[in-house]
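Written out below as structure tokens is the structure these notes cover.
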Amino acid sequence: MDDAYLGGHRPGRRGRGAAGKQPFVAAVSTSDDRRPRKIELLPVKGFRKKEIRKLVAGHLASTGRLVTDGLSCWTAAAEAGLEHTAMVTGGGKRAAGWSPFRWVNTTLGNVKAAITGTYRRVSPEHAGRYLASFAWRHNRRFQLESLIPRLVHSAVRTAPLPYAKLVAS
């Protein structure tokens, strides 16, 4: 699991705490042979323990093992009863290529490339939709024969959502 930000270029401060960026959490579930099975991309209000507690309660199995970097908010996962290993990685390419974080960093790179290649502008209020769309396609990448029937089924069962309602807060 790792923390990341979604959003376009903004002048001023970069990285954590930059204005106009949407923070989100990327979690990659791996198989016994360390291959990625499923991803979760979840927008959060910020990287605070309160947010991580809510995320753990709603999205992670209590039997899961969690590996994160040394960010202090991740300790909330251990407090919630998960087996948690924090590995302080530092920064740079060496840290990004570290084996425990290989798939989550690959996923983050793929998410950002897909979103940049598809959309001209990323709106923070719709970040959850962008991320959910990518995760949905990724998690079904080996179920290609059922992709179109599932999409049609979802489209038929979903009520129309006019733009005015979509952007209403």
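Find out how many positive minus negative residues lie around Leu6, taking Lys and Arg as positive, Asp and Glu as negative, among other residues whose Cβ is under 9 Å from that of Leu6.
Combined, the nearby Lys, Arg, Asp and Glu give +2.
Semi-axes of the equivalent ellipsoid of the chain: what are they in whole Å, largest first, if each equals the square root of 5 times a C-alpha gyration tensor eigenvalue?
Equivalent-ellipsoid dimensions as semi-axes: 26, 21, 17 Å.
Let me check I've understood the local charge: for Ala76, count other residues with C-beta under 12 angstrom from its C-beta, Lys and Arg +1, Asp and Glu -1. What total comes out? Before the final figure, lay out the partial values.
Working: positive: Arg48, Lys49, Lys50, Arg53, Lys54; negative: Glu51, Glu79.
Net charge around Ala76: +3.
How do 28-37, 66-75 rank on mean C-beta neighbours within 10 Å, highest first? Walk me through the numbers on the way to the answer.
Working: 28-37: 11.8, 66-75: 17.5.
Averaged packing, sorted descending, gives the order 66-75, 28-37.
Cut-off under 13 Å on the C-alpha distance; same-chain residues fewer than 8 positions from Lys50 excluded. Which aspartates and glutamates are left, in chain and number order?
Once the sequence-local aspartates and glutamates are set aside, what remains near Lys50 is Glu79.
Equivalent ellipsoid semi-axes for the range 97-169, as square roots of 5 times the alpha carbon gyration tensor eigenvalues: give them largest first, rounded to whole Å.
Here the semi-axes work out to 26, 20, 10 Å.
Which value at 222 nm does the chain reach when only helices count, each DSSP H run of 4 or more adding -39,500 (n - 2.57), with the total divided by all residues and rounded to the nearest 500 deg cm²/dmol?
Numbers: 7 runs with 67 residues, N = 169.
Helix-only estimate at 222 nm: -11500 deg cm²/dmol.
What's the ranking of 149-161, 76-88 by average number of surrounding C-beta atoms within 10 Å, highest first?
Descending packing order for the listed peptides: 76-88, 149-161.
Fully extended, how many nm does the chain gain between Gln143 and Lys165 (0.36 nm per residue separation, minus their Cα-Cα distance)?
4.7 nm
Throughout, read-outs are computed from the coordinates displayed, never taken from laboratory work. Treat the numbers as computed from the prediction; the structure is a model and nothing was measured. Here Cβ is always computed from backbone atoms with ideal geometry, including for glycine, and neighbour counts include all displayed protein chains.
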